[in-house]
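Some notes on the structure that comes next.
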Amino acid sequence: MNFSLLFSHVLLKGKSVLLIFLPFTFGLPALRRTLLWRSIMGLSGLLSGHRNSVQGSDFHNYTSWLKQYPSGLESFESIMKELPRKKIVVFLDYDGTLSPIVDDPDRAFMSPEMREAVREVAKGFPTAIISGRSREKVKEFVKLRNLHYAGSHGLDIMSPNSDNEANGVSYQPAKKFLPKIQQIKRVLEEETRKIEGALVEDNTFCVSVHFRHVHERELAELEKKVETVMEKYPDFHVTQGKKVMEIRPTINWNKGHAMEYYLHSLGHNDTDDVVPLYIGDDQTDEDAFKVIQRKGHGIAILVASIPKHTNASYSLKDPSEVLAFLLRLARWRNSTAPSITTPSPNI
Ligand SMILES: [Mg+2]
């Protein structure tokens, strides 16, 4: 094959570039691998030709993916057909699930319609919000009382009826790490100060380094700085979310544990009569999906507009579909199930 033929082949088969590079990306740190992949994917997109053809391909991929992870809206009747006598406990992620992903994390507001839908759902089902944000911050965004709130990816749990309601906290499994987390936050703020657009967010038991506004040429430097700082804290680890690096203490506790904690504290663990229904878009939500999958009991719904690997069984495309699903769930509750004694959430 001469060079012009080879180049034509690459132009027509952009995806083959990915296969050539694939073996070389393993062994790189997670963030660097992601950045490299993003560059390759961008190159592949350019090499693959017109934007329209990429969209067409994406549409085809998404349609195929939906066969494996059907829409929670379109499957609503078949999901609920099995559940009229079950008690459903609802778990909701916040960012990207109840609110759109936005440039400024402090402005990730949920719409009044979404708040009303969550309020209606919580009238009929025990409902918990499990977010990577600090508990106070997510509560301030949601503004509903009598929900259960877990912040810091489940490391900071509060229940409205918990025994120590006076201070509003029921369980903080990583409490002993708090001084070190504050120290890490201060060091990261200092170290990343000169990287334009980098934002260090204090989420109580999790420090988030946002890089949505960092120029691509400075991403590797930012990652290096975070890596260097974290080498001094071996009992912490870094994971990557959407344009964010998240630093958490390495303990055996995640959103899946938080979900089980709530089920247990509500007296609902290990009973087939109770079904967790979990909706989320984060990588950290996969821990809860895994619990549901392992138990073979519950409804796990991933929010995603592009195909991705998940342990969920169903999907919703974006927060607007989450809104439609929650409204339908509340209507279904009102029309089919007897009333239960869940306190009404108030602003
Ligand atoms: Mg999320």
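The values are calculated or read from the model by the stated rules, or taken from the named source; none is laboratory data. These numbers come from a predicted model, not from an experiment. Cβ coordinates were reconstructed from backbone atoms using ideal geometry, including for glycine residues, and neighbour counts include every protein chain displayed.
Evaluation of residue 219 against the conditions (1) within 15 Å of the ligand (Cβ to nearest atom); (2) part of a helix (DSSP H, G or I); (3) not hydroxyl-bearing (Ser, Thr, Tyr) shows that the sole unmet condition is (1).
Is one or more of the residues making up the range 314-326 at pLDDT 90 or above, in contact with a Pro (Cβ under 8 Å, 6 or more places away or on another chain), part of a loop (DSSP other than H, G, I, E, B) and away from the ligand (no atom under 15 Å from the Cβ)? Within the range 314-326 (the criterion being at pLDDT 90 or above, in contact with a Pro (Cβ under 8 Å, 6 or more places away or on another chain), part of a loop (DSSP other than H, G, I, E, B) and away from the ligand (no atom under 15 Å from the Cβ)), the answer is no, since none of the residues qualifies. Residue 102 meets all of the listed conditions (1) surrounded by fewer than 18 Cβ atoms within 10 Å (Cβ to Cβ); (2) away from the ligand (no atom under 13 Å from the Cβ) but one, namely (2). Among all positions in the range 260-274, there is no residue which is surrounded by fewer than 23 Cβ atoms within 10 Å (Cβ to Cβ) and within 16 Å of the ligand (Cβ to nearest atom). Just for the range 277-301: of the residues that are among the hydrophobic types (A, V, I, L, M, F, W, C) and touching a helix residue (DSSP H, G or I) at 6+ places or on another chain (Cβ under 7 Å), which one is nearest to residue 114 (Cα to Cα)? Ranking the candidates gives 279 first. Checked across the range 92-109, the condition of being in contact (Cβ under 8 Å) with a residue 12 or more places away in the chain, farther than 17 Å from residue 263 by Cα and part of a strand (DSSP E or B) holds for at least one residue. Can you name every residue in the range 213-252 that is under 20 Å from residue 95 (Cα atoms) and either aromatic (Phe, Trp, Tyr) or in contact with a His (Cβ under 6 Å, 6 or more places away or on another chain) (or both)? Correct list: 244 only. Scanning the range 184-220 for residues that are in contact with a Leu (Cβ under 9 Å, 6 or more places away or on another chain), surrounded by fewer than 15 Cβ atoms within 10 Å (Cβ to Cβ) and among the charged types (D, E, K, R) yields a single hit, 216. Screening residue 225 on (1) without any contact (Cβ under 8 Å) to a residue 24 or more places away in the chain; (2) in contact with an Asp or Glu (Cβ under 9 Å, 6 or more places away or on another chain); (3) farther than 21 Å from residue 285 by Cβ shows it passes everything except condition (1).
Condition check ((1) assigned by TED's automatic domain parsing to the domain that holds residue 265; (2) on the phi > 0 side of the Ramachandran plot; (3) touching a residue at least 40 places away in the same chain (Cβ under 8 Å); (4) not in a helix (DSSP H, G or I)) across all residues:
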position	(1), (2), (3), (4)
114	yes, no, yes, no
136	yes, no, yes, no
150	yes, no, yes, yes
182	no, no, no, no
204	no, yes, yes, yes
214	no, no, no, yes
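Scanning the range 278-301 for residues that are away from the ligand (no atom under 16 Å from the Cβ) and either surrounded by 15 or more Cβ atoms within 10 Å (Cβ to Cβ) or in the same structural domain as residue 238 (by TED's automatic domain parsing) (or both) returns 290, 291, 292, 293, 297, 298, 299.
Let's see how each residue does on (1) within 25 Å of residue 112 (Cα to Cα); (2) surrounded by fewer than 18 Cβ atoms within 10 Å (Cβ to Cβ); (3) among the hydrophobic types (A, V, I, L, M, F, W, C); (4) at pLDDT 90 or above:
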| site | (1), (2), (3), (4) |
| --- | --- |
| 132 | yes, no, no, yes |
| 140 | yes, yes, no, yes |
| 155 | no, no, yes, yes |
| 165 | no, yes, no, no |
| 170 | no, no, no, no |
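With respect to being buried (at least 21 other Cβ atoms within 10 Å of the Cβ), in a helix (DSSP H, G or I), within 16 Å of the ligand (Cβ to nearest atom) and not assigned by TED's automatic domain parsing to the domain that holds residue 208, residue 118 fits the description. Reported count of residues in the range 81-96, each being within 15 Å of residue 289 (Cα to Cα) and either of a type in the set (S, T, N, Q) or away from the ligand (no atom under 16 Å from the Cβ) (or both), is 1.
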